1. When only DSSP loop residues count, what GluC sites (Glu not before Pro) in region 251-334 have their Cβ near at most 13 other Cβ atoms within 10 Å?
2. Expected output is a single nm value to one decimal: the length gained when fully extending between Asp321 and His67, i.e. 0.36 nm times separation in residues minus the C-alpha distance. What is it?
3. Using Cα-Cα distances under 8 Å and only pairs 6 or more residues apart, what relative contact order does the chain have, in percent?
4. For Met200, what residues show an amide H to amide H distance below 5 Å, using hydrogens built from the backbone and excluding near sequence neighbours?
5. Compute the helix-to-body angle for 67-80: its Cα long axis versus the longest principal axis of the chain, expressed 0 to 90° and rounded to tens.
6. Using Cβ contacts closer than 10 Å as the measure, can you line up Met357, Met311, Met109 from fewest to most?
7. Around Ile152, which amide H atoms from residues at least 5 apart in sequence, or from another chain, sit under 5 Å from its own amide H, with H modelled in the peptide plane?
8. Suppose R0 equals 41 Å; then what is the FRET efficiency for His255 and Lys113 from their Cβ-Cβ distance, rounded to the nearest 0.05?
Amino acid sequence: MEHPENDNTYKGLKVNQGVSDVPTVNPYLKKRLQRKQYTPSEYVENILKGNITILSQAVTLVESAKHEHQQLAQEIIEKCLPFAGKSVRIGITGVPGAGKSTSIDVFGMHLIKDGHKLAVLAIDPSSERSKGSILGDKTRMEALSREQNAFIRPSPSAGSLGGVARKTRETIVLCEAAGFDTVFVETVGVGQSETAVHSMVDFFLLIQLAGTGDELQGIKRGIMEMADGIIINKADGDNIDKANLAAAQFRNALHLFPPAESGWFPKVLTYSGYYNVGIKEIWDMIDEYIKFTKKNGFFYCKRNEQAKYWMYESINDTLKDKFYHNPAVESMLEATEKQVLNNELSSFVAAKRMIDMFLDELSKNK
Ligand code: GDP
């Protein structure tokens, strides 16, 4: 007998015959993972038709760090460019807790009810560090995320601010080609990301709160100078007087700044995102700005300036990337850095050596 315990007279535990191992991996998984490979033209064709699934996939390519994905993404972007540029791009910033998500949800619904198609993008370079984006998370915009005419995309998470911003800039092109006529670019008002957002939007909206001392912080950081509109949120309940007072303070402060190049004088409004009060006025202000700057030509002038800015950003990014990923540079960088730290080499001589070596490598590989 194989197991004495299986004898009827045995009083202890019985041991049953085992079963063979079941596979731990779904055998069909591989098949499902093989997503259809589209050609750039197929991507573009579907994007132009407003196919959100394909648009999302194309955005994923834009965000990918893989070389072949980037190549494909660039081809798609180039083919989409002639169909882009027709949206109104609005930057929205404010410190965490200012009410960005609540407001974007309400602003977005206001636009969608008006027949618009809205894309909500974000620039949040901190998201990689904090593991999981604090921006663009669909659950924060409950009403909007259920709308067919809204496309919500969290911030690209990889890399430097410049890299993250460039990806968002490229995503705008794809969204516009897909027929989104309004684009929001959201950012947290705590760092340098405002400048990046400012360089890709037509109108820059600053959300502020009354009585938190943020008024002055805004002035210090120069964010106020970038704002085309300052809106003071949570003007509801006991907070209405405080919000009105803050609005008056902002209006006064704005007078201290030199006039904006656009010829537009930034407006200050109060509203309540939560109670949906004062939203139409905000949209009237933006409409007025767009009309005003289209009439005096600033709108197009700014877009040209932005296009130029992104060309140089792109050149800088590419050069940097090529430099730091060059195998010869990679192999020498650490040692050279050590020499600088040990005072064996000056920073400038070290930099020149590395760059000369890089250029040398390039000419060798020709
Ligand atoms: P975010 O961090 O800038 O995205 O801010 P949220 O939209 O998450 O809002 C932060 C908090 O402020 C939440 O608890 C909201 O419910 C609240 N809040 C947002 N808008 C308003 C408003 O208009 N009035 C009031 N009383 N509370 C608001």
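Since every read-out is calculated from the coordinates, none of them should be taken as a lab result. Treat the numbers as computed from the prediction; the structure is a model and nothing was measured. Using ideal geometry, Cβ is built from the backbone for each residue, glycine included, and neighbour counts are taken over all protein chains shown.
1. Glu261
2. Gain in length upon complete extension: 90.3 nm.
3. Relative contact order comes out at 14 percent.
4. The list, which skips near neighbours in sequence, is empty: none.
5. Approximately 40 degrees, to the nearest 10.
6. Ordered from fewest to most neighbouring Cβ atoms within 10 Å, Met357, Met311, Met109 come out as Met311, Met357, Met109.
7. Val120
8. Using R0 = 41 Å, I get an efficiency of 0.70.
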